[in-house]
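S.K.: I have a structure I would like to understand better, so I am pasting it below and will then ask my questions one at a time.
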Amino acid sequence: MFNLFGETGAFPDVIHCERIWDRARLHDWVISPHRHREMAQLFHMGRGAAEVRVDGREVRLADGDFLFVPAQAVHGFAFRQGCEGLVLSFPLTVVTGFAPDALRGRLARPIHGAADPRMLSLLDQIAATFSGTGPFRAPLLIALAQGVLAIAAEIALRKAEEVEPLSQRRMLEFDRLIGAHLGEGWGMEDYASALSITPGHLNRICRAAIGESALRHIEAAVMTEASRLLAFTRLPVAEIGYRLGYADPPYFSRRFRAVRGETPTAYRARFDG
């Protein structure tokens with residue numbers, strides 16, 4: 001049984017979307033502490049402010065802020081009169097339907113931050129879809145809702161990175177640099193220089209974080225990109241190698257086979273026809 005605050009009865013839809021104004025004014029702008037056993041919520045403050053207490057922590061919602069409240073978290077609100085924004089309520093099946101464990105882990109805790117343009121766009125689409133009809137309304141609402149939740153989790157991850165230990169922050173920056181320079185043939189020395197550390201230090205960071213050398217980590221990322229290009233483009237194998245920094249096509253094919261267990265041509269053939 002899913003219960004909204006002040007209501008009983010079965011959860012009426014795949015998600016629920018309502019205005020803060022519609023809900024909060026019914027309670028004289030103060031919603032006493034409560035929890036939902038089988039439902040998570042996301043509040044977006046379009047205009048106004050609210051003092052919120054979530055699991056004993058004080059949070060202030062201002063213009064443009066959002067707050068994700070997971071199931072079982074005790075939360076209460078004191079809204080400024082006349083607030084406008086959205087409240088989204090999600091059954092647990094929507095929240096737990098993500099494959100990546102790391103994403104589900106982020107959604108197990110409250111998240112507070114500023115809504116970015118991607119989230120704002122999805123919130124507008126959810127409000128419009130929720131109030132409409134159509135043969136695919138339900139799956140569209142679920143897809144949009146999970147998009148909002150994924151963005152909330154990403155914002156939480158970025159905030160966590162700001163306070164991560166230095167070695168973890170450098171590993172994250174290492175991964176970003178790999179993504180930015182995949183086609184430039186950068187080696188371990190180039191990445192270490194960009195991080196202002198020695199190659200040996202980069203190796204130690206990489207082994208501590210993921211249990212493999214920096215060189216192997218770089219090559220794995222390059223071959224993942226090669227796999228994408230082989231599967232989803234018709235670029236010649238040699239051209240893919242050139243794009244990823246391999247001037248010698250036979251060497252690229254040998255390294256691809258060493259990492260993926262088959263030649264580039266054999267790998268591509270699995271996606272043909």
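S.K.: In the stretch 240-252, which residues are surrounded by 13 or more Cβ atoms within 10 Å (Cβ to Cβ) and not in a loop (DSSP other than H, G, I, E, B)?
M.R.: Those that are surrounded by 13 or more Cβ atoms within 10 Å (Cβ to Cβ) and not in a loop (DSSP other than H, G, I, E, B): Ile240, Gly241, Tyr242, Arg243, Pro249, Phe252.
S.K.: Let me ask something else. Among the numbered criteria (1) surrounded by fewer than 16 Cβ atoms within 10 Å (Cβ to Cβ); (2) modelled with pLDDT of 90 or more; (3) not in a loop (DSSP other than H, G, I, E, B); (4) not charged (D, E, K, R), which one does Ala208 miss?
M.R.: It is condition (2) that Ala208 fails.
S.K.: For the structure I just gave you, tell me whether Ala143 is under 16 Å from Leu103 (Cβ atoms) and without any contact (Cβ under 8 Å) to a residue 24 or more places away in the chain. Give the derivation first.
M.R.: Details: under 16 Å from Leu103 (Cβ atoms): yes; without any contact (Cβ under 8 Å) to a residue 24 or more places away in the chain: yes.
Yes: the conditions hold for Ala143.
Yes/no matrix, rows are residues, columns are (1) at pLDDT below 90; (2) farther than 17 Å from Ile178 by Cβ; (3) among the β-branched types (Val, Ile, Thr):
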{"site": "Ile197", "(1), (2), (3)": "no, no, yes"}
{"site": "Met223", "(1), (2), (3)": "no, no, no"}
{"site": "Gly241", "(1), (2), (3)": "no, yes, no"}
{"site": "Val259", "(1), (2), (3)": "no, no, yes"}
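S.K.: Given the conditions (1) in contact with a helix residue (DSSP H, G or I) (Cβ under 8 Å, 6 or more places away or on another chain); (2) part of a strand (DSSP E or B), and given that His112 satisfies all but one, which numbered condition is not satisfied?
M.R.: (1)
S.K.: Do you know which residues across the stretch 57-75 are exposed (fewer than 15 other Cβ atoms within 10 Å of the Cβ) and within 16 Å of His36 (Cα to Cα)?
M.R.: The answer is Gln72, Val74.
S.K.: Another question, if that's okay. Kindly evaluate Gln81 against the criterion of being open to solvent by 60 Å² or more (accessible area, probe 1.4 Å) and in contact with a Phe, Trp or Tyr (Cβ under 8 Å, 6 or more places away or on another chain).
M.R.: So Gln81 passes the test.
S.K.: Hey, another quick one. Quick one: which of Arg158, Arg216 is basic (Lys, Arg) and either in contact (Cβ under 8 Å) with a residue 40 or more places away in the chain or closer than 30 Å to Gly261 by Cβ (or both)?
M.R.: From the options Arg158, Arg216, the qualifying one is Arg216.
S.K.: Follow-up question, since we're still on this one. Is there a residue being over 18 Å from Leu144 (Cα atoms), of a type in the set (Asp, Glu) and within 16 Å of the chain's Cα centre (by Cα) anywhere in the stretch 35-56? Full working, then the answer.
M.R.: Let us first name the residues in the stretch 35-56 that are over 18 Å from Leu144 (Cα atoms), namely 35-38, 45-56.
When the remaining residues are screened for being of a type in the set (Asp, Glu), the result is 38, 51, 55.
Going one step further and asking which of them are within 16 Å of the chain's Cα centre (by Cα), we end up with none.
No, every residue in the stretch 35-56 fails to be over 18 Å from Leu144 (Cα atoms), of a type in the set (Asp, Glu) and within 16 Å of the chain's Cα centre (by Cα).
S.K.: Also: Can you pull out the residues in the stretch 211-224 that are open to solvent by 40 Å² or more (accessible area, probe 1.4 Å) and in contact with a Gly (Cβ under 9 Å, 6 or more places away or on another chain)?
M.R.: Leu215
S.K.: Something else: Here are the criteria: (1) open to solvent by 30 Å² or more (accessible area, probe 1.4 Å); (2) within 23 Å of Thr263 (Cα to Cα); (3) polar (S, T, N, Q). Tell me which single one Ser227 does not satisfy.
M.R.: All conditions are met except number (1).
S.K.: Given the conditions (1) assigned to a helix (DSSP H, G or I); (2) basic (Lys, Arg); (3) under 31 Å from the mean Cα position of the chain (by Cα), report the number of the one that Arg255 does not fulfil.
M.R.: Result: Arg255 fails condition (3) only.
S.K.: Assigned to a loop (DSSP other than H, G, I, E, B) and out of contact with any Cys (no Cβ under 9 Å at 6 or more places or on another chain): is that true of Leu235 in this structure?
M.R.: Values: assigned to a loop (DSSP other than H, G, I, E, B): yes; out of contact with any Cys (no Cβ under 9 Å at 6 or more places or on another chain): yes.
For Leu235, the condition - assigned to a loop (DSSP other than H, G, I, E, B) and out of contact with any Cys (no Cβ under 9 Å at 6 or more places or on another chain) - is met.
S.K.: Could you tell me which residue of the stretch 253-268 is farthest from Glu219 (Cα to Cα), considering only residues that are surrounded by 13 or more Cβ atoms within 10 Å (Cβ to Cβ) and touching a residue at least 24 places away in the same chain (Cβ under 8 Å)?
M.R.: Here the residue is Arg268.
S.K.: Quick check on my filter: what residues within the stretch 189-203 are exposed (fewer than 15 other Cβ atoms within 10 Å of the Cβ) and either within 22 Å of Val259 (Cα to Cα) or touching a residue at least 60 places away in the same chain (Cβ under 8 Å) (or both)?
M.R.: Glu189
S.K.: Pull out all pairs, ordered by first then second residue, where Cβ-Cβ is under 7 Å, the residues are six or more apart or on different chains, the first lies in the stretch 95-124 and is open to solvent by 70 Å² or more (accessible area, probe 1.4 Å), and the second is modelled with pLDDT of 95 or more and part of a helix (DSSP H, G or I).
M.R.: Going by the 7 Å Cβ cut-off, the qualifying pairs are Arg118/Ile151.
The values are calculated or read from the model by the stated rules, or taken from the named source; none is laboratory data. Bear in mind that the values here come from a model prediction, so they are computed numbers and not experimental data. All Cβ positions, even for glycine, are placed from backbone atoms using ideal geometry, and neighbour counts span all protein chains on display. Just the protein is used for accessible areas: all its heavy atoms, side chains included, with ligands, DNA and RNA removed. Shrake-Rupley method; radii C 1.70, N 1.55, O 1.52, S 1.80 Å.
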